[in-house]
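Working notes, structure below.
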Amino acid sequence: MTEPAIAVASLEKSFPPTRSGWRAFVQPFEKPTVVALSGVTFDVKEGEALALLGANGAGKSTLLRILATLLLPTRGSARIAGHDAERDPRAVRRSLGYHAGTDHGFYARLTGRENLRFFGQLNHLSSAAANLRITQLAEQFQLADILDRQTRTLSTGTIQRLSLARALLHQPRVLLLDEPTRSLDAIAAMDFRRFLKSQILRPGDTSLLFASHTLPEVELLADRIAIIDKGRLLACDTLTALKHRTGASTLEEVFLRLAGRTPYFSDEDAPA
Amino acid sequence: MIRVLRDLWLFFWRDLTIARTYRISFVLEIVEALFGTAMFYYVGRFVDSPQLRQALPQGGTYFAFSLVGFVFLDYMNASLDTFDRSLEEARNAGTLEHLLVTQTSLPVIVAGSALYPFAATTLRIAVYLAWGAILFGFPLQSANWLTVAVVLLATLLAFSGLGILSASYLLLFKRGNPAKWFMLGLSSVAGGMLFPVSILPDWLQFLARFNPVTYSLDAMRAALLAGAGFSAIWRPLAILLLFAAVLLPTAMAVFAWALRRTKITGTLTHS
């Protein structure tokens, strides 16, 4: 049986409580008691796109950061392409591309090309291979015109595309995206989603796990949806199956019913 | 090995390329070095006397003695600063996470980020000494350059351990650089920067024995001002290498532990 692209089993993560003042000095050594993830289990198959849907603080970013080897799990396991994120982080990093929509993470005074070449070579691409991939990705992501400009002069939308290109430079099997359209305006976000769908997902050789609380984004991109609330995985299935299971007609309703929430304002509160 | 060297070169290239976008700053540093050298020259002229020359371990003028002390303290400063400054810059720019998800190992990232700052500091020292030699009679002609290079390397290795310890502290506690505070404080009094350690009270001389700066300056002055070879400086050189042998692996282990703690506490990118 083929190993799934991503396999998460009974994953738990707790953090030490946040401290201020002099107590901040003991915080790094405190026992982790604040639960962020609790018994999360799911798989992502080869070429599949799975969305993590949940409110702020639900544990989506924590989960992605564990998979990206930036956090250590408290218990359970997280595997990418058959490699354990805690025990074999270098092998995991060989197989993944990571892009967080919240920060840019580029050297502002280097050009787009210089940044991409630097990160590509740190991912052990030869100079020639890095240059070739940069040319390919620049064409694919419509970045050719801006590649030789310092990244401090680029717009947020362009930086997002550049960041996605960086994540794909070493042709990873798995792509992790954390709220990829968070800092984009509506038009740029729509472009970015279409681009992701046509350029990354359609070819079918990259598995995608992405966190979002933008429902149209989830509906457009995801083959299956994992709904997370307060660190617990409530459901993981296709949109059709989730609607069928909850008797809901929209993804919003699915989420509210599974999370046992009611909206703060109903349609009746809207002014006539 | 070739891959490690290539990765180290990548970091050096990155920092050099960024530095090249700040050309005026480079020119200003050369001018600043001129003023700094002139200041030491005139202080030297003001205090110079036959008695003072006799009191200096390697002989020569107080200008030469103090200039070497000052520029090599700059080296220590850079060593203590470099690691935590590059870490803080990476954290603030958001590049730290992206570096840590590459296939390059942590020791290479840490060492690579220090290469350019060390090279720039070495260049700055060379500029100070060049101004001293060209305009103020600093005796560069008597230097033993091979010994100078070896002492420089040993100094760099010994001080780097302290710098990495300092970066570990920054990873865990987010602010402050106690290693720099302690070492600069200790070295300004008990390191032999502007006056010989021999004039200090016994207890401070005892303390100076635990300061790598003392050995670095002893060896560097002997090599630069008196042209000493390895046979003359083997003792301070061996002690410097001993500092490096103990401090570097300890510091790397502490840094790896601190990074692991931040991956447990989730504070890697917090500032």
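A few comments on the model shown:
- Sorted by Cβ density within 10 Å, fewest first, the residues B:Met76, A:Met190, B:Met252: A:Met190, B:Met252, B:Met76
- Relative contact order (%) - criterion: Cα under 8 Å, at least six apart; region: chain B: 26
- Dipole magnitude (debye, nearest 20) for the protein assembly as shown, charges at Cβ of Lys, Arg, Asp, Glu: 780
- Proximal aspartates and glutamates relative to A:Lys13, as straight alpha-carbon distance under 16 Å, when same-chain residues fewer than 8 apart are discounted: A:Glu30, A:Asp84, A:Glu86, A:Asp229
- Charged-residue dipole, Cβ positions (Lys, Arg, Asp, Glu), segment A:6-262 about Cα centre, Debye nearest 20: 540
- Counting all C-alpha pairs of segment A:6-262, share separated by more than 28 Å (%): 37
- Report summary: the helix-based calculation at 222 nm, which adds -39500 (n - 2.57) for every DSSP H run with n ≥ 4 and divides by the residues of chain B, gives -27500 deg cm²/dmol.
- Whole-Å distance, taken between Cα centres, linking segment B:157-202 and segment B:117-149: 23
- Placing +1 on the Cβ of every Lys and Arg and -1 on the Cβ of every Asp and Glu, with nothing else charged, gives chain B a dipole about its Cα centre of roughly 440 debye.
- Under 5 Å between amide hydrogens, built in the peptide plane, is the criterion, and for A:Leu234 it picks out A:Ile227, A:Ile228, A:Asp229 among residues at least 5 positions away or on other chains.
- Using a Förster distance of 60 Å, the FRET efficiency for A:Asp223-B:Arg209 (Cβ separation, nearest 0.05): 0.35
- Segment B:178-183 - phi-based ³J(HN,Hα) in whole Hz, Karplus 6.51/-1.76/1.60, Gly and Pro as x: x, 5, 5, 4, 5, 5
- Distance from the alpha carbon centroid of segment B:219-251 to that of segment B:1-51 works out to 22 angstrom.
- 5 angstrom amide H check on A:Ala49, placed H, neighbours 5+ away: A:Leu208, A:Asp223, A:Arg224
- Its Cα gyration tensor gives chain B an equivalent ellipsoid; the semi-axes, largest first and in whole Å, are 34, 21, 17.
- Placing a pseudo-label 7 Å from each Cα along the Cα-to-Cβ vector at B:Asp74 and B:Thr122 gives an inter-label distance of 1.5 nm.
- In order along segment B:104-112, the phi-based Karplus estimate (6.51 cos²θ - 1.76 cosθ + 1.60, θ = phi - 60°) of 3J(HN,Hα) comes to 7, 6, 4, x, 5, 4, 5, 5, x Hz; Gly and Pro are listed as x.
- All-pairs Cα distance distribution in the protein assembly as shown, expressed in whole percent, bin size 10 Å: 3, 16, 23, 21, 15, 11, 7, 3, 1, 0
- Pairs with C-alpha atoms separated by more than 28 Å, drawn from the list A:Lys60/B:Lys180; A:Lys243/B:Lys263; A:Lys60/A:Lys197, are A:Lys60/B:Lys180; A:Lys243/B:Lys263.
- Nearest-0.05 FRET efficiency for B:Trp9 and B:Ala232, computed from C-beta distance (R0 30 Å): 0.30
- Hz values of 3J(HN,Hα) by residue in segment A:58-72 - Karplus curve (6.51, -1.76, 1.60), Gly and Pro given as x: 6, x, 5, 5, 4, 4, 5, 6, 5, 5, 7, 6, 8, 9, 9
Read the figures in this text as sums done on the coordinates, not as results from a lab. Remember, predicted model here, so these are calculated numbers, not experimental data. Here Cβ is always computed from backbone atoms with ideal geometry, including for glycine, and neighbour counts include all displayed protein chains.
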